[in-house]
Amino acid sequence: MFNTRTQSVEISDMMPKPLANIAPNTFEFEVLPLVKPTGFREYDARWWFNGIGKEKAPELNLTGVQALGLGMATLFHELGVEPKVVTGHDFRSISQPIKNALILGLTQGGCEVMDVGLALSPMVYWSQFELDAPCCAMVTASHNENGWTGVKMGANKPLTFGPEEMGRLKEIVMGGAFVEREGGKHYRVEGIREKYIASVSDGVKLSRPLRVIAACGNGTAGAFAPDALRAMGAEVIEMDCNLDMTFPKYNPNPEDSEMLHAMAAAVREHGADVALGFDGDGDRCGVVDNTGEEIFADKIGLMLARDLSKQYPNAKFVVDVKSTGLYKTDPVLKENGATVDYYKTGHSYIKRRTNELGALAGFEKSGHFFFRPPIGLGYDCGLVAAKAVLQMLDRNPGKTMAELKGELGTAWTSLTMSPHCDDETKYGIVDKMVEEYQGLNGTEILGRKVVDVNTVNGARVTLEDGSWVLVRASSNKPELVVVVESMASEADMKDLFHKEVKPRLGKHPEVGAYNQEI
């Protein structure tokens, strides 16, 4: 005969307040939410997820992801938007289970979640319009190496969260200020990939044959970019387009020299007209011309602005403060009445500014391109950027990418230099530099008059010949950001750094060593 006992069981639907640190491979790690506060960035969220057996400890667990989803649902309701959310995931071993945990939290918070499956970030943004959903939550670590995860999110299409929304989300999640609601539901949406590719390529039929290298670094874009480019009429040569979540060659990042060198070699081998490289979640596009030379994204933006301003007179364009000063001196833009606004570095900032001003397009030096109607819907999409490049080539028969680049003015631009400066002091140093440079407005630097001091993001100081220097604080590292550009010569570019910016920063002992010099 068996004796039975009745035990009381506590049933609770309350999510525990997340912890900032839990030892992996423990009971606590399995049942309690781990969310490291530093994962909340200015525009999105990023955490190191794979920690067991690694030197780096995990910053997030699946229960923490559920807490994040519940926090997002709480914020969506707080913002007063309809709680309909499109979600998708990139091609990584950890992305789908992370998305499932996120969905659990979103539905727990009363959201209707529409899952479009494996996706590029811009496919999720496009789906917000297609499915009439105000909110999005894309699980991706973009171009970060394996082991990282993250979420790009928004509640006001075509925009994604900026610092204010991310700060509030952090408060909700880390403070455990969750609000659970009834009515949450989740369902899959099939066929979005095909509709998205058709939409991106709609209305494009190249009138001349263009041989295009599609470089995807074995990332998610490999399942999208070749088909989209072929639908536009290009002859596509695939380069690392097979999906491989181990990223066997390099991270899919068209800013990285390893990927760019591989793209250049492919152009030369196949005699291609252009190589188009896409990052891990497909919202950025990098370009290598027909000679195998990289064209930095700000120069691609200028080439596109020149081309588009002929079709759309008096168009407005937005660029970030790290971009070339050639926008201000370009004769084609002046002739076509185009205006250019230099704004804060950061894809979320440029996206918002482009939409606020009703600009035709926005360009960020990191490779984010934002096209508004009639070209795009206002968000960053690597495939739409690729389409714009191919259409530019098609509208200029007989000219190569290298020849179109050669029509730009000449500027000597430094690499981005990043002297160390602690997070606690970097903004104070930049404030002092801004005040100092504002005081120099109208005076001379190295024999040229200071004609403008743009303080929207640190100090961008423009001289009368169009040369400029920039000092700003890094958004996510304990560093300053220094860039100089000369319209005169390489030697002058070096002087702007060694004789102007470096001595001025050198007066502040808080500023440490540079990552590199020129």
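Brief remarks on what is shown
- Close Cβ contacts (under 6 Å, 6 or more residues apart or on different chains) running from residues in the range 211-224 that are under 16 Å from Ala141 (Cα atoms) and in a loop (DSSP other than H, G, I, E, B) to residues that are of a type in the set (Gly, Ala, Ser) and open to solvent by 10 Å² or more (accessible area, probe 1.4 Å) comprise Cys216/Gly222.
- Selected residue (only one of Ile94, Ile22 is touching a Leu at 6+ places or on another chain (Cβ under 9 Å) and free of Cβ contacts under 8 Å to residues at least 60 places away in the same chain): Ile22
- Filtering the range 184-208 to residues that are over 24 Å from Pro254 (Cβ atoms) and modelled with pLDDT under 95 leaves Asp202, Gly203, Lys205, Ser207, Arg208.
- In the range 98-156, residue least open to solvent (accessible area, probe 1.4 Å) [restricted to those that are part of a helix (DSSP H, G or I) and charged (D, E, K, R)]: Lys99
- The condition (being touching a Gly at 6+ places or on another chain (Cβ under 8 Å) and among the β-branched types (Val, Ile, Thr)) is satisfied by just one residue among Val288, Val236: Val288.
- Taken over the range 157-187, residues that are among the acidic types (Asp, Glu), assigned to a loop (DSSP other than H, G, I, E, B) and within 23 Å of the chain's Cα centre (by Cα) amount to 0.
- Exactly one residue out of Lys426, Lys432 is touching a residue at least 24 places away in the same chain (Cβ under 8 Å) and open to solvent by 80 Å² or more (accessible area, probe 1.4 Å), and it is Lys432.
- Yes/no for Glu190 being assigned to a loop (DSSP other than H, G, I, E, B) and closer than 20 Å to Gly64 by Cβ: no
One line per residue, one yes/no per condition, for (1) at pLDDT 95 or above; (2) open to solvent by 60 Å² or more (accessible area, probe 1.4 Å); (3) more than 27 Å from Asp202 (Cβ to Cβ):
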site: Asp227; (1), (2), (3): yes, yes, no
site: Arg230; (1), (2), (3): yes, yes, no
site: Glu238; (1), (2), (3): yes, yes, no
site: Cys241; (1), (2), (3): yes, no, no
site: Tyr250; (1), (2), (3): no, no, yes
site: Asn253; (1), (2), (3): no, no, yes
site: Val267; (1), (2), (3): yes, no, yes
site: Val274; (1), (2), (3): yes, no, no
site: Gly277; (1), (2), (3): yes, no, no
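- The strands (runs of 3 or more DSSP E) found wholly in the range 414-484 and carrying at least 3 residues that are farther than 14 Å from Gly325 by Cα and under 30 Å from the mean Cα position of the chain (by Cα) occupy 468-473.
- Members of the range 15-38 that are open to solvent by 70 Å² or more (accessible area, probe 1.4 Å) and under 32 Å from the mean Cα position of the chain (by Cα): Lys17, Leu19, Asn21, Lys36, Thr38
- Matching helices (runs of 4 or more DSSP H) fully within the range 287-351 where at least 1 residues are open to solvent by 10 Å² or more (accessible area, probe 1.4 Å) and β-branched (Val, Ile, Thr): 326-329, 331-335
- Within the range 380-409, considering residues that are β-branched (Val, Ile, Thr) and assigned to a helix (DSSP H, G or I), the one least open to solvent (accessible area, probe 1.4 Å): Val389
The values are calculated or read from the model by the stated rules, or taken from the named source; none is laboratory data. Just so it is clear, the model here is predicted, and its values are computed rather than measured. All Cβ positions, glycine included, derive from the backbone under ideal geometry; neighbour counts span all protein chains shown. Side chains included, ligands, DNA and RNA excluded: accessible areas come from the protein's heavy atoms. Shrake-Rupley method; radii C 1.70, N 1.55, O 1.52, S 1.80 Å.
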